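The block underneath contains the structure these notes are about, expressed in structure tokens.
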Amino acid sequence: MRIVALGDSLTAGYGVLSQEAFPDRLEAALVKRGHDVDIVNAGVSGDTVADGLARLDWALADGADGVIVELGANDMLRGHDPALVRDSLDELLSRLDDTGLPVLVAGMRAAPNLGADYAARFDPIFPELAEKHGALLYPFFLDGVASDASLNQADRMHPNAAGVEIIVERILPSVEALIERINDKS
């Protein structure tokens, strides 16, 4: 089974060894649990949702049985208009709908320093669009890691190897639900 992890630096593994990056650690955890799965690292540091949309065909070129979409952090950090982020993610998920591939949306949340108004417009994007497109949702990719300095690199934005392990541990049930959807299609 081939699952493409389409994302930004959080997927690509910025600042950690390749074998410590999210896709590699997720694959190892899934294999340990008995799944025959290949997690493809289609993460590009700095990517926004629009960037992920622009390279979707490339990311899926070698085939996929399912997709994890982990995008939005760079949009948020750059203060992009949530309406534009929503439009790009909606289009990306629509294009994935057309492929028939099961999808897991790994959501993002606005940083507190962006204010309550921004958060009120940004945070609902991921659950609302996951529901609209019938995708699975993991509400916050950095759950349990974002505010813990010991789980992040010096930049306080990218998880260190220990932080990646927490992300994998917490998202694992959602990825197993994705695998179940993939198996149901077979």
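Any read-out appearing in this document is the output of simple, stated calculations on the displayed coordinates, not a laboratory observation. These figures come from a predicted structure and were not determined experimentally. Every residue, glycine among them, receives a Cβ derived from its backbone with ideal geometry; neighbour counts consider all protein chains shown.
For the stretch 142-162, indicate whether the set of residues that are farther than 17 Å from Leu6 by Cα and crowded, with 21+ Cβ neighbours inside 10 Å is non-empty. Please lay out each step first, then the result.
We begin by selecting, within the stretch 142-162, every residue farther than 17 Å from Leu6 by Cα; these are 143-157, 159-162.
If we keep only those that are crowded, with 21+ Cβ neighbours inside 10 Å as well, we get 145, 159.
Yes, the stretch 142-162 contains at least one residue that is farther than 17 Å from Leu6 by Cα and crowded, with 21+ Cβ neighbours inside 10 Å.
Restricting to the stretch 120-159, count the residues that are of a type outside the set (Gly, Ala, Ser), in contact (Cβ under 8 Å) with a residue 24 or more places away in the chain, under 24 Å from Leu26 (Cβ atoms) and assigned to a helix (DSSP H, G or I).
Residues flagged as of a type outside the set (Gly, Ala, Ser), in contact (Cβ under 8 Å) with a residue 24 or more places away in the chain, under 24 Å from Leu26 (Cβ atoms) and assigned to a helix (DSSP H, G or I) within the stretch 120-159 amount to 4.
Has the stretch 44-60 got at least one residue that is more than 21 Å from Ser94 (Cβ to Cβ), among the small types (Gly, Ala, Ser) and out of contact with any Phe, Trp or Tyr (no Cβ under 6 Å at 6 or more places or on another chain)?
Taking every residue of the stretch 44-60 in turn, at least one turns out to be more than 21 Å from Ser94 (Cβ to Cβ), among the small types (Gly, Ala, Ser) and out of contact with any Phe, Trp or Tyr (no Cβ under 6 Å at 6 or more places or on another chain).
Give the number of residues within the stretch 163-186 that are surrounded by fewer than 17 Cβ atoms within 10 Å (Cβ to Cβ) and more than 17 Å from the chain's Cα centre (by Cα).
5
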